[in-house]
Amino acid sequence: MAEKVLMKGNEAIAISAIRNGVDGYFGYPITPQSEVMETLMKEKPWETTGMVVLQAESEVSSINMVYGGASCGKKVMTSSSSPGISLMCEGISYMAGAELPCVVVDVMRGGPGLGTIQPSQGDYNQIVKGGGHGDYHNIVIAPASAQDMYDFVDWGFELAFKYRNPVVVLADGVIGQMMEKVEIHPPKPRMTDEEIRTKAPWATVGKPASRERNIITSLSLDSDTQEAFNRKLHAKYSEIQEKEVKFTEYMTEDAEYLFTAFGCSSRICEAAVDMLRAEGIKAGLLRPVTLFPFPYKEISRLASQVKSIMSIELNFGQMVEDVRLGAENKCPVGFYGRQGGNIYTPEEVAEEFRKFNNIK
Amino acid sequence: MNIEDIRKPENIVYRKPALLTDNIMHYCPGCSHGTVHKIVAEVIGEMGIQEKTIGICPVGCSVFAYNYIDIDWQEAAHGRAPALATATKRLCPDKYVFTYQGDGDLASIGTAEIIHACSRGENIVVIFINNGIYGMTGGQMAPTTLLGMKTSTTPYGRDAKLNGFPLKITEMLAALDGTAYITRQSVHTAPAARKAKNAIRKAFEYSDRNIGLSFVEIVSTCNSGWKLSPVAANKWMEENMFKEYPLGDIKDVLK
Amino acid sequence: MAFKGIIEVDTQRCKGCSVCVANCPTHSIRLSSKVNGKGYNYAEMVGDACIGCSNCAVVCPDSVITVYRVKVQ
């Protein structure tokens, strides 16, 4: 039987990294995710698995350390919160351009600017639509529990290596700080040098005479070369959209009204669905687990079934734009959000739902 | 003795090193980069560490260093090469890891990365090409530009009141406990280039001894940016650059 | 002991920067009056004073010079 341990979402990231054979973590302190590096430093994985953990001088440096480690075919990651993620966006763009795998955890807080240190989902547009410069996508996965935080590290690396692309675990301050029971799986060893050579033949691990040199770069001065590369990236993103969409549904089978929400908001919406169901209102919830790729098709299907959709987010309405695209004008799409670290209660969500749908 | 008697393979005393590729360098005629690339290729070849060396190139003229030296390369964002090198060396401690950076890259946008890599005592080699100008973007002022020196962004000469003073970053780095070997060299004459080669070899050897970061500055020319012929640029460098950036070892913890 | 040397220039790769010329202790290199495919006046050996010291090749940024050297009595 798997072991269950009570821990914070942020701690789950750290423990999962150690137990899933991650080679390196490079980070910089920022609230509300500092427990990730604190836990790693306390656990001293360099003495057990050989994992490297390093506190960098900035988020800029952290992400570029990740770039260097990923270039060597290693499983490397970092974590930060919104303002720090903004600083990392240059590096993430370079990694997308150099087709490097990595996992970046964003434990979102309120913004813009220095904002608040309380939870938010205000980085949706930044992370899902790009973030850095140029034509690229992150693969974005959104945890809603400490267990997800634990599981998504390994899943993130699986996706990152499968597609040679940065993966962002888009969490928020609630998920990061909340303590829950987490099921701990048996540990996985780190990749051997031989496995890296097989899995990442492109990696800069030292050039033997027998092969051409490996070059990790995102530079191509020739327009046609760059365009051909961008087409290749675009094809990759289309394949990801086709194959990797993940979502969960709650009470949607007979639903007449639909909520869409990700991360911590999805759990609040589950409670709101229960409250509305108790009143005889057939509400349901679709939670996108992957934000890129986004479950457009599933939303389209449900839009044909329900009277309305409401997107509930801790921001001013970001994911709702994708929900509208998915709904294809088949039903009205509404939005309710809170900002600055304020969080709606299920009662508040239910009340806003009644207002939007004109239900007394 | 006639020429054909001399022109025999056994009489070759100097040739292009094997680790330099056949790609024609994109550098301007007379550019110091080519000479330093050659020296790095010679050192890696002579140490027999091609399979154990990972190079990290910057943004700037030497962004294409990976086209010329036959080893595995990573190309960093502007100024960030020491961060890449840090992770590469820590994750692959049996490798020789070096960055190759210009002054626009290392001494301006990349000051945080180089200072902290030095401060942490990363066991890497940094080769720092200081020609006092941004070459690739068209000859703008760098932090290392001399006072009075004309560039495209200091068309009347660098004025300390307006643009501040030349940054002697190499001396700054020598003050950090994490650095093992800090030296300033040039490659404009054969004796200077031979000394520079010894310095680069020493830096690579030190990087394998867990004693901290080794840093080789090469005071260089950018004859296109300086608007001088290659030979005149070398002379100008001797007369002007060396006053601000004197050659020689600055720190050697094993001495 | 005396040395005698010759240099061989990869003329198509030479960019005619003449740093080699300035570094030759025996004035044995000059830029040719001819140009290569890129339009550069390439370096060439002149006279028979070359001692094969390699200075020219060591400072050549484009590594286009091969140096041969023999001892002569």
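Just so it is clear, none of the values below were taken in a lab; they were calculated from the coordinates. Keep in mind that what you see is a predicted model, and the values were worked out from it rather than measured. Cβ: placed from backbone, ideal geometry, glycine included. Neighbour counts: every protein chain shown.
The magnitude of the dipole of the stretch A:248-357, with charges of +1 and -1 set on the Cβ of Lys/Arg and Asp/Glu and taken from the Cα centre, is near 200 debye. Computed over neighbours whose Cβ is under 14 Å from that of B:Ile211, the net charge equals +1, Lys and Arg +1, Asp and Glu -1. Put a plus charge on the Cβ of each Lys and Arg, a minus charge on the Cβ of each Asp and Glu, and nothing anywhere else: the dipole of the stretch A:8-88 about its Cα centre is then about 200 debye.
Calculated FRET efficiency, C:Lys71 and C:Arg30, Cβ-Cβ r, R0 22 Å, to nearest 0.05?
According to the calculation, E is roughly 0.25.
Compared with the dominant principal axis of the Cα atoms in chain A, helix A:346-357 is inclined by about 60°. Take the Cβ atoms of A:Glu328 and A:Arg164, set R0 to 45 Å, and the FRET efficiency comes out at 0.90.
If the chain between A:Asp222 and A:Glu195 were fully stretched, how many nm would it gain, using 0.36 nm times the residue separation less the Cα-Cα distance?
6.3 nm
The label-point distance for A:Leu6 and B:Ser229, in a model that sets each label 7 Å from Cα toward Cβ, rounds to 8.2 nm. When each of A:Lys243, A:Lys8 is scored by the number of other beta-carbon atoms lying within 10 Å, the sequence from fewest to most is A:Lys243, A:Lys8.
Ranking B:Tyr181, A:Asn315, B:Tyr96 by how far each Cα lies toward the positive end of the dipole of the protein assembly as shown (charges on Cβ) leaves B:Tyr181 at the top. Per-residue 3J(HN,Hα) values for the stretch A:96-112, derived from phi via the Karplus relation 6.51 cos²θ - 1.76 cosθ + 1.60 with θ = phi - 60°, read 4, x, 9, 6, 10, x, 6, 10, 10, 9, 10, 9, 5, 10, x, x, x Hz in sequence order (x marks Gly and Pro). Electrostatic bookkeeping for C:Val9 treats Lys and Arg as +1 and Asp and Glu as -1; over the other residues with beta carbon under 15 Å from its beta carbon, the sum is +4.
Averaging 1/r across all pairs of distinct Cα atoms in the stretch A:3-195 and inverting the result yields a Kirkwood radius of 16.0 Å.
The chymotrypsin sites (Phe, Trp or Tyr not before Pro) of the stretch B:130-188 that DSSP puts in a loop, and whose beta carbon has at most 10 other beta carbons within 10 Å, are B:Tyr156.
Projected label points at B:Glu171 and A:Asn230, each 7 Å from Cα along the beta carbon direction, are separated by 4.7 nanometres. Compactness of the stretch B:47-95, taken as the C-alpha radius of gyration over 2.2 N^0.38 Å, stands at 1.13.
When C:Val72, A:Val168 are sorted by how many other C-beta atoms sit within 10 angstrom of their C-beta, beginning with the fewest, the order is C:Val72, A:Val168.
Go through B:Lys52/B:Lys197; B:Lys89/C:Lys15; A:Lys44/A:Lys75; B:Lys95/B:Lys197 and tell me which ones have a Cα-Cα distance over 28 Å in this structure.
Violating the 28 Å Cα-Cα cut-off are B:Lys89/C:Lys15.
Rounded to the nearest Å, what's the spacing between the alpha carbon centres of the stretch A:11-56 and the stretch B:147-165? Just the number, please. If we compute the Cα centre of each part, the gap is 46 Å. Reducing the stretch A:139-180 and the stretch C:23-56 to their Cα centroids gives an inter-centroid distance of 63 Å. Look at B:Ser62, B:Ser108 and count the other Cβ atoms within 10 Å of each Cβ; fewest to most, that gives B:Ser108, B:Ser62. Kirkwood-based Rg over Rh for the protein assembly as shown (C-alpha set), two decimals? Ratio of gyration radius to Kirkwood radius: 1.08. Each label was represented as a point 7 Å from its Cα along the Cα-to-Cβ direction; for B:Ser152 and A:Lys307 these points are 6.6 nm apart. DSSP finds beta bridges in chain B, and of those with both partners inside it, around 20 percent are antiparallel. Once the C-beta distance of A:Ile343 and A:Glu253 is scaled by a Förster radius of 25 Å, the resulting FRET efficiency is 0.30 to the nearest 0.05. Here the dipole of chain A is about 380 debye; that uses its Cα centre as origin and unit charges on the Cβ of Lys and Arg (positive) and Asp and Glu (negative). Looking at the stretch A:3-195 only, what percent of DSSP beta bridges run antiparallel? Nearest 5 please. Taking every DSSP beta bridge within the stretch A:3-195, about 25 percent pair in antiparallel fashion.
Adding -39500 (n - 2.57) for every DSSP H run of four residues or longer, then dividing by how many residues the protein assembly as shown holds, sets the calculated 222 nm ellipticity at -10500 deg cm²/dmol.
How would chain B be classified by its alpha-carbon gyration tensor: rounded, prolate or oblate, with rounded meaning a/c under 1.5 and the a/b versus b/c comparison settling the rest?
oblate
Where the alpha-carbon atoms of chain A are placed on the principal axes, they occupy 75, 50, 42 Å, in descending order. Of all DSSP-defined beta bridges confined to the protein assembly as shown, some 35% are antiparallel rather than parallel.
For the stretch A:316-359, the set of trypsin sites (Lys or Arg not before Pro) satisfying both a DSSP loop assignment and a count of at most 16 other C-beta atoms within 10 Å is given as A:Lys330. Of the cross-linked pairs B:Lys168/B:Lys235; B:Lys195/B:Lys235; B:Lys161/B:Lys251; A:Lys74/B:Lys38; B:Lys161/B:Lys243, those separated by over 24 Å at the C-alpha level are B:Lys161/B:Lys251; A:Lys74/B:Lys38. Lys-Lys pairs in the stretch A:223-360 that are eight or more residues apart or on separate chains and whose Cα atoms lie under 26 Å of each other come to 23.
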